[in-house]
Number of protein chains: 2
Amino acid sequence: MTGTGRIDSEETLIQGYLAPLAAGFPGAFGLADDCAVLAPAEGHEFVLKTDAVAAGVHFFAYDAPEDIAWKALAVNVSDLVAKGATPLGYLMSLAFPEAPELDWMRQFADGLGEAQRRFGMQLMGGDTDRRDSPLSITITAIGCVATGRMVRRGAARAGDVLLVSGTLGDARLGLFAHQERKMARTIWKLDNAELDFLEQRYLRPEPRLALIEPLLEHASAAMDLSDGLVKDLGRMCRASGVAARVRDRDVPCSPPTRKVIDALEGWRQVGLTGGDDYEVLAAVPPGKAGEFIKNAARVGVPVTRIGEVVAGSGVSVLGADGSPLAIEQPGYDHFAQAPKRRKRRR
Amino acid sequence: MTGTGRIDSEETLIQGYLAPLAAGFPGAFGLADDCAVLAPAEGHEFVLKTDAVAAGVHFFAYDAPEDIAWKALAVNVSDLVAKGATPLGYLMSLAFPEAPELDWMRQFADGLGEAQRRFGMQLMGGDTDRRDSPLSITITAIGCVATGRMVRRGAARAGDVLLVSGTLGDARLGLFAHQERKMARTIWKLDNAELDFLEQRYLRPEPRLALIEPLLEHASAAMDLSDGLVKDLGRMCRASGVAARVRDRDVPCSPPTRKVIDALEGWRQVGLTGGDDYEVLAAVPPGKAGEFIKNAARVGVPVTRIGEVVAGSGVSVLGADGSPLAIEQPGYDHFAQAPKRRKRRR
């Protein structure tokens, strides 16, 4: 079912486009029942996370449907992974501003299919409706973990080493490049390959599934980074009743991001505060940090030591001279910040 | 935290208003973690359902916050109950058009608290954001059922007796009364107590929790009625590969609804096609129907025989003279029907 024209019934949408995504999961009953049924494997329990993305806030209505679908699922899977949970399935609530076009829906379903194959999960159920509002996709993701083993956010201890996976700040720059490619090229003096890299980091976050085992084995606490390192680390500290000290120069940045940070005053804190990283922040006891880094490297994920957990409260970031930096904009708050309809210029 | 003024941070919203709703469920970690963790009791599995309600589609932005909260949870619980699942908890994704007022949020949290106490469940996690769109509440409800015992939608068999709980059509009339109280009083010639009854049926659906045990014991198949009897029964028939025959005069209606049906041509099919009933439709083997009715009565729920499952496909409704009725508007399709911003006049 492709072509132009629109999908005008929930039945067609579900049976034509969504049911194939549930085909591998018997408890979804081919999406012909009201509910899904599932049980964890012996000795395991479920980890659940719900997160919504909406056009104009988390993505742009003009984005490729495959990218929108990927990101809607990836941002939830990212949370599961940071808890040491293996993704299993998801429920999805879709709200359309108008009946979707056949081609759009086909590409959206393809993107979901690609993402769920990568993440090892299946669609279990959902709900669709139409509303007088921008497209939104609310996903509840379900993962599985050995009973009692979920990696908590609130269990960091003074003395733990703080580490992050991958590089930070790319997605925030990628968002700007996605909206203002021409300006980004001119001001940042990056080439198209570099801008493509940043843009992909924004559009296609890659949850760090390979880190599940190392996290379960070594981490005191962990969480995924979605609203910027300083803000999210602050949450970990509050939940754990501790403080954190981070060295700015140790925050890992990709080569293009490093170029922008070094060249432009206005972006110098993007690694500390840029959102949408979807990397993992972990607190690991000092005696285990070396092994954690080694095990992560073995599964292909670079992790970098950025600081330590200390007694007290709050997050301090130390600059090159060892004195604390003033943080200009601690991170993104999807709630406090009024939604803006962003426009794209290329 | 009450008063005028607005809530301007996600932290305040979560810790001040939502965390108390999660206090009884250890796996929610006081909403200070990213994810919830849970496992079913020995020999049980989970039943999951996700459903969203949005202002202008499923409720009105001016409705009492307690009523909005109640309905958002009740429509999901209604699904669980029809599957024979006992409600356990829920995740909630809230999207606000603007920072909510303190008083509004207090009342909304109170309504949720009242509903979750009634339904025996707790908040397990969630997500809040602000968007340029009407208020929406997406809930994923989780229930528990003995392994393999979930009551299916697609397991009705030819010969089964069809039964519904309570009365049908009230909520559809209640919606009209809620919008057009004065007109409803004039045209329908109902008094205020009758209109209040109908309006409450629309605003405060009561999932039939007492039916869980009788359904598990006797039903071949069951589902909740949300989009109108004829439409939902059609879904049960399709999922089960059977047909259904319903006698119009046997469809149970409350006294006020009966008055309207008898007096006004335009509403005579409201019991067959009115949505928002949130009653249970069950298919029960003929040898068990008597006992099902008796057991339901014992727990205080009236159930009424309305027809039978037969071989074939489709739903036919027989009128008083035994010949099939033409169904004017088979039911509500939240997807196909374009959203309308309804206005209230009193």
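The values are calculated or read from the model by the stated rules, or taken from the named source; none is laboratory data. Not measured: the values here are computed from a predicted model. Note that each Cβ is placed from the backbone with ideal geometry, even for glycine, and that neighbours are counted across all protein chains shown.
The residues of segment A:62-85 that are surrounded by 20 or more Cβ atoms within 10 Å (Cβ to Cβ) and either among the hydroxyl-bearing types (Ser, Thr, Tyr) or not assigned by TED's automatic domain parsing to the domain that holds A:GLY43 (or both) amount to a single one, A:SER78. Please indicate, with yes or no, whether at least one residue in segment A:123-135 is polar (S, T, N, Q) and either under 23 Å from A:PRO252 (Cβ atoms) or at pLDDT 95 or above (or both). Scanning segment A:123-135, I find no residue that is polar (S, T, N, Q) and either under 23 Å from A:PRO252 (Cβ atoms) or at pLDDT 95 or above (or both), so the answer is no. Taking first residues from segment A:1-12 that are under 14 Å from A:PHE108 (Cα atoms) and part of a loop (DSSP other than H, G, I, E, B) and partners that are modelled with pLDDT of 80 or more and among the small types (Gly, Ala, Ser), the Cβ contacts under 6 Å between residues at least 6 apart in sequence or on separate chains come to A:MET1/A:GLY16; A:ILE7/A:ALA99. In this structure, does A:ALA156 turn out to be buried (at least 22 other Cβ atoms within 10 Å of the Cβ), within 20 Å of A:ASP262 (Cβ to Cβ) and either modelled with pLDDT of 95 or more or in the same structural domain as A:LYS294 (by TED's automatic domain parsing) (or both)? In short, no. Is it true that B:ALA41 is surrounded by 18 or more Cβ atoms within 10 Å (Cβ to Cβ) and either among the acidic types (Asp, Glu) or in contact (Cβ under 8 Å) with a residue 24 or more places away in the chain (or both)? For B:ALA41, the condition - surrounded by 18 or more Cβ atoms within 10 Å (Cβ to Cβ) and either among the acidic types (Asp, Glu) or in contact (Cβ under 8 Å) with a residue 24 or more places away in the chain (or both) - is not met. Return a yes/no flag: does segment B:276-293 have any residue that is surrounded by fewer than 23 Cβ atoms within 10 Å (Cβ to Cβ), aliphatic (A, V, I, L, M), assigned by TED's automatic domain parsing to the domain that holds B:PRO205 and within 24 Å of B:SER78 (Cα to Cα). Yes, some residue in segment B:276-293 is surrounded by fewer than 23 Cβ atoms within 10 Å (Cβ to Cβ), aliphatic (A, V, I, L, M), assigned by TED's automatic domain parsing to the domain that holds B:PRO205 and within 24 Å of B:SER78 (Cα to Cα).
Of everything in segment B:39-54, what is in contact with a Phe, Trp or Tyr (Cβ under 9 Å, 6 or more places away or on another chain) and more than 7 Å from chain A (Cβ to nearest Cβ)? Give them in sequence order. Answer for segment B:39-54, where residues must be in contact with a Phe, Trp or Tyr (Cβ under 9 Å, 6 or more places away or on another chain) and more than 7 Å from chain A (Cβ to nearest Cβ): just B:VAL53.
Would you mind stating whether A:CYS253 is assigned to a loop (DSSP other than H, G, I, E, B) and touching a Gly at 6+ places or on another chain (Cβ under 8 Å)? Criteria met by A:CYS253.
Annotation for segment A:147-167: at least one member residue is within 14 Å of chain B (Cβ to nearest Cβ) and either more than 30 Å from A:ALA311 (Cβ to Cβ) or aromatic (Phe, Trp, Tyr) (or both). Would you be able to say whether some residue in segment A:238-248 is crowded, with 20+ Cβ neighbours inside 10 Å, out of contact with any helix residue (DSSP H, G or I) (no Cβ under 8 Å at 6 or more places or on another chain) and charged (D, E, K, R)? Looking through segment A:238-248, none of the residues is crowded, with 20+ Cβ neighbours inside 10 Å, out of contact with any helix residue (DSSP H, G or I) (no Cβ under 8 Å at 6 or more places or on another chain) and charged (D, E, K, R).
Within segment A:23-38, take every residue that is surrounded by fewer than 24 Cβ atoms within 10 Å (Cβ to Cβ) and in a helix (DSSP H, G or I) and give me the one that is nearest to the other protein chains (Cβ to nearest Cβ). Going through the qualifying residues, I end up with A:PHE29.
Across segment B:186-221, the qualifying residues are those that are among the acidic types (Asp, Glu) and touching a residue at least 60 places away in the same chain (Cβ under 8 Å), and the one among them that is farthest from B:SER240 (Cα to Cα) is B:GLU194. Looking across A:PHE60, A:PHE108, A:PHE119, one residue alone is in contact (Cβ under 8 Å) with a residue 24 or more places away in the chain and either among the basic types (Lys, Arg) or more than 27 Å from A:GLU180 (Cα to Cα) (or both). It is A:PHE119. Checking each residue in segment B:297-326 for being surrounded by 16 or more Cβ atoms within 10 Å (Cβ to Cβ) and of a type in the set (Gly, Ala, Ser) picks out B:GLY307, B:SER316. Filtering segment B:126-146 to residues that are touching a helix residue (DSSP H, G or I) at 6+ places or on another chain (Cβ under 6 Å) and either within 20 Å of B:VAL309 (Cα to Cα) or within 7 Å of chain A (Cβ to nearest Cβ) (or both) leaves only B:THR128. The residues of segment B:296-329 that are in contact with a Ser or Thr (Cβ under 9 Å, 6 or more places away or on another chain) and either free of Cβ contacts under 8 Å to residues at least 60 places away in the same chain or outside the structural domain of B:GLY169 (by TED's automatic domain parsing) (or both), listed by number, are B:PRO324, B:LEU325, B:ILE327, B:GLU328, B:GLN329. Could you tell me which residue of segment A:85-99 is nearest to A:ALA64 (Cα to Cα), considering only residues that are more than 10 Å from chain B (Cβ to nearest Cβ) and not hydrophobic (A, V, I, L, M, F, W, C)? Only one residue fits best here, namely A:PRO87.
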